1. Within the range B:205-212, is even one residue out of contact with any Lys or Arg (no Cβ under 8 Å at 6 or more places or on another chain), at pLDDT 95 or above and on the phi > 0 side of the Ramachandran plot?
2. Given the residues A:165, A:116, which is the only one that is farther than 25 Å from residue A:9 by Cβ and surrounded by fewer than 24 Cβ atoms within 10 Å (Cβ to Cβ)?
3. Determine which single condition residue B:123 fails, assuming it passes every other condition in (1) within 19 Å of residue B:252 (Cβ to Cβ); (2) in contact with a strand residue (DSSP E or B) (Cβ under 9 Å, 6 or more places away or on another chain); (3) of a type outside the set (A, V, I, L, M, F, W, C).
4. Could you list all residues from the range B:99-127 that are modelled with pLDDT of 95 or more and not in a helix (DSSP H, G or I)?
5. For residue B:38, are the conditions met, namely being at pLDDT 95 or above and farther than 18 Å from residue B:187 by Cβ?
6. Considering only the range A:269-287, state which residues are more than 14 Å from residue A:375 (Cα to Cα) and touching a helix residue (DSSP H, G or I) at 6+ places or on another chain (Cβ under 6 Å).
7. Here are A:266, A:256: which of them is crowded, with 23+ Cβ neighbours inside 10 Å, among the polar types (S, T, N, Q) and within 20 Å of residue A:368 (Cα to Cα)?
There are 2 protein chains.
Amino acid sequence: MDNFTFYSPTYFVFGKETENQTGQLVKKYGGHKVMLHYGGGSVKRSGLLDRVKASLDAEGIEYVELGGVEANPKSGLVYEGIEMARKENVDFMLPLGGGSVIDSAKAIALGVPYDGDFWDFYTGKAVEEALPVGTIVTLAASGSEASTDTVVTHEDGMYKRCADGDILRPKFSIMNPELTTTLPPYQTASGITDIIAHCMERYFSKTPDVELTDRMLEGVMLCMIKEGRRAMNDPANYEARANIMWAATIAHNNITGTGRAQDWGTHHMENELSSTYGCSHGAGLAILFPSWMKYAMKEDVMRFAQFAVRVWGCEMDFQNPEKTALEGIERYQAFIKEIGMPTTISEIGGKEEDVPKLADSMFHGAPDHGNFVKLTKEIAMEIYRMAL
Amino acid sequence: MDNFTFYSPTYFVFGKETENQTGQLVKKYGGHKVMLHYGGGSVKRSGLLDRVKASLDAEGIEYVELGGVEANPKSGLVYEGIEMARKENVDFMLPLGGGSVIDSAKAIALGVPYDGDFWDFYTGKAVEEALPVGTIVTLAASGSEASTDTVVTHEDGMYKRCADGDILRPKFSIMNPELTTTLPPYQTASGITDIIAHCMERYFSKTPDVELTDRMLEGVMLCMIKEGRRAMNDPANYEARANIMWAATIAHNNITGTGRAQDWGTHHMENELSSTYGCSHGAGLAILFPSWMKYAMKEDVMRFAQFAVRVWGCEMDFQNPEKTALEGIERYQAFIKEIGMPTTISEIGGKEEDVPKLADSMFHGAPDHGNFVKLTKEIAMEIYRMAL
């Protein structure tokens with residue numbers, strides 16, 4: 001196990017009707033004027049926005065609103081948000097949504113106190129200061145409600161990049177699984193895929209002797225297989241939604257990633273698919289992971305056999321561990337197909353001739369990708385081609 | 001899954017040589033004068049105390065020392081510590097040790113800013129204020145380095161009681177597994193038993209649909225079986241010690257207990273054994289848990305069958321789940337026996353005629369015990385007798 005530090009000071013308020021505590025929580029964490037940040041109209045139609053406003057009103061907290069966040073959030077709205085927040089003296093960011101909305105809010109939080117271009121933080125500048133953020137989660141997937149990171153796409157070149165720092169952990173996160181019971185199946189499935197992917201990026205590690213986090217990651221994935229199926233078959237099932245929502249946090253607040261090298265190559269490759277073809281992040285991961293795994297398994301067949309046996313219930317073939325490893329990958333792929341995810345780049349409109357462009361964009365100003373497999377541009381192209 | 005809140009703001013610094021960061025961490029968290037609190041001479045013999053002092057000196061942080069904490073820490077030293085801390089203007093508690101030392105430090109931290117008797121917090125007074133605490137862990141067991149609670153024994157009656165509150169979460173915890181490689185086997189085994197017990201107190205729950213935390217708890221227990229054996233057979237094995245040390249935290253910072261009712265009846269029964277017979281807390285749990293489980297399994301046989309199959313690798317007997325459940329209990333008991341723990345009250349010097357006194361003391365001013373099984377005095381006596 002590697003040396004590590006772990007710090008997760010977010011206050012989680014989980015369960016039914018918890019959004020009614022928003023006002024008290026903003027007050028507790030020192031907010032006076034918040035920016036309500038959200039996507040399209042679903043937070044209005046569901047009545048969530050009104051309930052949150054009522055809760056803020058009850059505590060005398062002022063607010064401004066900025067909607068319009070798209071999936072794979074863009075820099076344009078971030079610039080607009082920074083300007084609005086400064087003009088309106090916003091001192092607290094309050095995203096209502098999934099990872100895209102939360103990440104857009106974190107980007108605005110970074111930009112407000114900074115003299116330069118917020119994009120600097122997405123191209124390597126150290127994250128040190130930001131407005132406080134509290135989240136109201138409406139989609140179980142990204143784990144951004146608990147994480148140190150934010151992913152935004154710059155419209156100048158459509159580069160999708162990440163900024164990271166402890167200060168970006170939300171002060172509080174309100175997590176009401178009821179808010180996710182009306183999600184369309186594609187979004188639910190994208191979330192399930194993303195959560196499992198966050199586990200796999202940590203699981204495929206060459207750090208030896210990480211039995212504790214191995215077992216925890218396997219536990220989260222086993223839970224996701226059971227509860228993911230249940231939510232797909234019975235979308236209104238609160239209990240399935242609750243397990244999935246908390247799993248999203250556990251999968252990505254890094255408690256399961258402590259003390260081990262992590263990969264993240266597939267996430268970086270995926271960024272190019274969702275920013276190029278507009279698919280969901282989960283769908284892009286669903287497409288790429290089986291190919292990445294087939295490429296990566298030669299690095300450590302026994303790790304993939306362990307994954308196959310412990311997570312996917314495969315029988316270990318002691319004479320032929322490769323066979324077991326491959327069976328695990330196949331069962332994973334069958335599962336994501338079963339829940340309705342695409343499994344090839346062609347399905348989202350990609351073609352073989354796009355491959356060099358995807359790889360070029362991925363390596364633009366960013367030379368390092370992956371750890372379990374160190375990706376070169378050639379390897380990335382090979383994996384993209386395997387996924388066509 | 002039940003509604004819950006979860007807040008764990010401790011900064012964990014984990015790995016080799018991390019005690020050399022003590023001074024910087026105390027400074028970061030605003031300490032100017034610390035009380036170094038410890039047990040016997042092992043922190044001196046190992047050189048740990050000197051290294052920590054050097055680290056404090058380097059940052060210009062003053063300190064006073066109070067050693068002498070015993071296993072099952074007593075009120076007498078707490079009163080002494082409160083007086084010393086006030087006289088010396090201590091503003092930060094720095095325990096070096098295991099759960100006993102940390103819990104004694106938390107008690108002093110509670111007492112210093114409080115006008116009345118610190119024991120009030122152990123008999124129901126709400127915990128609201130305390131000196132900040134940072135820990136340097138030398139024994140993987142209690143999870144007190146991450147928890148909200150402290151257990152102390154009052155010498156007037158030898159009542160062993162618990163105080164609890166978010167403010168008691170340490171500001172930081174320094175966790176160097178190297179410090180645990182020289183522990184005597186009995187202490188190592190007591191720690192392993194305690195960690196597994198913290199999982200079981202959460203695992204045996206009647207809250208339905210808690211698949212995520214079930215899987216996480218099973219994962220921690222599976223890890224403990226593997227790494228516990230490894231540490232017993234090869235005490236100097238850093239990797240085994242590292243997995244166990246971090247498992248102790250995960251088992252008791254309550255991330256694995258979120259959204260579910262928990263039991264804790266066996267812990268309350270155990271308090272009477274360790275305070276009466278002076279055994280380790282882990283030894284007392286090793287003695288009581290199999291009897292509690294045999295009594296409790298009739299409440300929900302399938303939960304015990306799940307425990308047997310998923311944690312202890314038993315084959316499910318679909319015609320006779322009771323048989324599977326019982327086999328799981330037997331495998332647990334065989335494991336704790338294998339690592340050298342006692343399994344009967346007789347082995348630690350108890351007799352049948354002590355049973356009413358144990359139960360009387362347990363219920364003295366404390367009527368509620370257990371949740372999965374609500375304990376009455378009669379049931380507690382029955383379980384004590386089963387463990388004779």
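The values are calculated or read from the model by the stated rules, or taken from the named source; none is laboratory data. Because the structure is a prediction, the values reported are computed rather than measured. Positions of Cβ are backbone-derived with ideal geometry, glycine not excepted, and every protein chain shown enters the neighbour counts.
1. yes
2. Working: A:165 fails: farther than 25 Å from residue A:9 by Cβ.
Just a single option satisfies the conditions, and that option is A:116.
3. (1)
4. B:112, B:113, B:114, B:115, B:116, B:117, B:125, B:126, B:127
5. Numbers: at pLDDT 95 or above: yes; farther than 18 Å from residue B:187 by Cβ: no.
The answer is no for residue B:38.
6. Taking the range A:269-287 as the starting set, the residues that turn out to be more than 14 Å from residue A:375 (Cα to Cα) are A:271-287.
A:272, A:273, A:274, A:277, A:279, A:280, A:281, A:282, A:283, A:284, A:285, A:286, listed by residue number.
7. Numbers: A:256 fails: within 20 Å of residue A:368 (Cα to Cα).
None of the others qualify; the one that does is A:266.
Per-residue answers, yes or no, for (1) farther than 17 Å from residue A:93 by Cβ; (2) touching a residue at least 40 places away in the same chain (Cβ under 8 Å); (3) not assigned by TED's automatic domain parsing to the domain that holds residue A:96:
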residue: A:27; (1), (2), (3): no, no, no
residue: A:33; (1), (2), (3): no, yes, no
residue: A:38; (1), (2), (3): no, yes, no
residue: A:61; (1), (2), (3): no, no, no
residue: A:68; (1), (2), (3): no, no, no
residue: A:71; (1), (2), (3): yes, yes, no
